[in-house]
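The values are calculated or read from the model by the stated rules, or taken from the named source; none is laboratory data. All of these numbers come straight from a predicted model, not from anything done at the bench. Counting neighbours? That spans all protein chains shown, and the Cβs are built from the backbone with ideal geometry, glycine included. What goes into the accessible areas is simple: the full protein's heavy atoms, side chains included, and nothing from ligands, DNA or RNA. Shrake-Rupley method; radii C 1.70, N 1.55, O 1.52, S 1.80 Å.
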Amino acid sequence: MRPAAILTAVAGIGIVADLIAAGGQRLGSAIDPAETAAPMEAQMPPPAPTAQPTSNPEASMNARRVDEASQFYPAVIDGKPLERIAAVVPEQPANPAKDRGVNLVRPIAESAGVLAFGDRRLQLAGIDPTPADKTCIDSGGREWPCGMLAKTNLRLLLRLRAVRCDLDSAEWTGTVTAACRIGTQDISQWLVENGWAEAAKGSALAEAGEKAKQAGKGIHGNDPRSLAETSGPEDLPSDLPPDGL
């Protein structure tokens, strides 16, 4: 090979190598790693700060997460932290007292204070029964059959309705004493308040009996027949059961 051709080839190889080196430098300067990483870092949110532990108990108690609900409930009131209290247990309703009474059907008023059931008798509690043959003297000195009228008014109240009496059993012999009701009306109370029987000594009806006496009701007043009036139907309670029940 000629020396001139060899020199020409070596010079061409050198020129190519220089061109390759120059191209690499330009490519490296066009793509900067720092520039390409900057947009990525700008898009990422900053990391949340890590809560540092504290030795201050008040700061620990006051530090809490605030959300839409809890922002309305302060952690401290009047300088004192809130305390958790136990839930209130609802009070259970008391069991109503059991009614131990019995129903007695078709009572007959033997007097104002004594009910008859065939050959058995029931004396109403809390009163002194008014005998059917008792007579009273009115303000004009006239005698009138107050015991009979007392019995009649009790019969008007009963009208063959069943009574409920405080007894353990509907079976007894002879005479028993018990409180009895028609609906919610206590029969003894009705007799005393209307003056057709007197309250027994020590009875809870004593005050009602005194009021009836002062008002001149029943056996404490005049013969209602002479005044063309009666204390029967108009004085009957309004919540009584129908007749015959």
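3J(HN,Hα) along the range 100-110: 8, x, 10, 8, 10, 8, 6, x, 10, 6, 7 Hz, from the Karplus curve 6.51 cos²θ - 1.76 cosθ + 1.60 with θ = phi - 60°, whole Hz, x for Gly and Pro.
Between Ala170 and Ile85, what FRET efficiency follows from the Cβ-Cβ distance if R0 is 45 Å, with the result rounded to 0.05?
Values: r = 54 Å, r/R0 = 1.20.
E between Ala170 and Ile85, to the nearest 0.05, is 0.25.
You can think of it this way: the chain between Arg155 and Glu210 has 17.4 nm of extra reach, that is 0.36 nm per residue less the Cα-Cα gap. Maximal additional length on extending the Asp133-His220 stretch stands at 29.8 nm, based on 0.36 nm per residue less the C-alpha distance.
Solvent-accessible area per residue in the range 131-193 equals 48 Å², computed with a 1.4 angstrom probe and all protein chains kept. Counting only protein heavy atoms and a probe of 1.4 Å, the accessible surface of the range 95-204 is 49% carbon and sulfur.
Find, among the trypsin sites (Lys or Arg not before Pro) in the range 152-233, those assigned to loop by DSSP (not H, G, I, E, B) with at most 16 other beta-carbon atoms within 10 angstrom.
On the way: sites: Arg155, Arg159, Arg161, Arg164, Arg181, Lys201, Lys211, Lys213, Lys217, Arg225; in loops: Arg159, Arg161, Lys201, Lys217.
When the trypsin sites (Lys or Arg not before Pro) of the range 152-233 are filtered for loop state and at most 16 Cβ neighbours within 10 Å, Arg159, Lys201 remain.
Of all lysines in the structure, the ones whose alpha carbon falls short of 23 Å from that of Lys134, not counting any fewer than 8 places away in one chain, are Lys151, Lys201, Lys211, Lys213, Lys217.
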